[in-house]
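Colleague: One structure, pasted below without further comment.
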Amino acid sequence: MVGFIENKQDCRHILLCNYFCEKRTEKLGFCKDRCDNCINMRDLKINDYTDLTKAILKVIMTKKDLNKTKVKKILMGSKTESSSSTLDNYGEFKKEKAVNIDRVLIHLVINKFIKEVLIKTHNGFWMEKLELYKKSKKILDNKVKIKI
């Protein structure tokens with residue numbers, strides 16, 4: 001579901017057809033500009049978020065028990081995460097829109113660069129913890145670029 005919502009490039013009608021096993025090879029234009037992606041494709045701008053992605057991965061490698069919100073707050077230099085102010089990436093992306101950091105984090109989870117693990121706290125509540133898959137090393141080694 002998140003992949004369908006995050007997809008800004010492919011025709012929504014084709015995505016739905018493929019989901020229900022009616023395989024289509026086209027990417028755009030099938031619906032004759034009746035869906036938002038086909039209409040907006042002319043104005044779509046693909047951005048390179050590799051530097052932001054590397055910063056996300058480094059924060060996750062450096063600190064333990066982080067969730068997506070904490071990673072975003074560290075990168076944006078939030079005062080609530082001032083205990084992380086010694087990190088190299090603290091506040092590095094304070095000018096980046098929060099929604100873009102969220103999109104990159106979701107992209108990394110969907111494409112299995114980051115793993116969300118649920119852990120039970122001592123209070124009995126569940127929280128997410130981010131871990132890295134091995135393939136995230138390819139981003140850090142400049143073998144993979146993240147463009148959304």
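The values are calculated or read from the model by the stated rules, or taken from the named source; none is laboratory data. Quantities reported herein were computed from a predicted structural model and do not represent experimental measurements. Methodologically, a virtual Cβ is constructed for each residue, glycine included, from the backbone with ideal geometry; neighbour enumeration extends over all protein chains shown.
Colleague: Would you check if Glu22 is charged (D, E, K, R) and under 26 Å from Lys135 (Cβ atoms)?
Modeller: no
Colleague: Among Leu130, Leu87, Leu105, which is the only one that is touching a residue at least 60 places away in the same chain (Cβ under 8 Å), assigned by TED's automatic domain parsing to the domain that holds Lys54 and not hydroxyl-bearing (Ser, Thr, Tyr)?
Modeller: Leu130
Colleague: Could you list all residues from the stretch 113-145 that are modelled with pLDDT of 95 or more and part of a loop (DSSP other than H, G, I, E, B)?
Modeller: Listed by number, the residues that qualify are Phe113, Tyr133, Asp141, Asn142, Lys143, Val144, Lys145.
Colleague: Scan the stretch 60-79 residue by residue and report those that are exposed (fewer than 13 other Cβ atoms within 10 Å of the Cβ) and either of a type in the set (Gly, Ala, Ser) or closer than 16 Å to Met127 by Cβ (or both).
Modeller: Listed by number, the residues that qualify are Lys64, Asp65.
Colleague: Any residue at all in the stretch 96-108 that is among the basic types (Lys, Arg) and surrounded by 15 or more Cβ atoms within 10 Å (Cβ to Cβ)?
Modeller: yes
Colleague: I've got another one for you. Can you list the helices (runs of 4 or more DSSP H) lying wholly within the stretch 1-107 that have 2 or more residues being of a type in the set (Val, Ile, Thr) and at pLDDT below 95?
Modeller: Where helices (runs of 4 or more DSSP H) fall fully within the stretch 1-107 and carry at least 2 residues being of a type in the set (Val, Ile, Thr) and at pLDDT below 95, they are 2-6.
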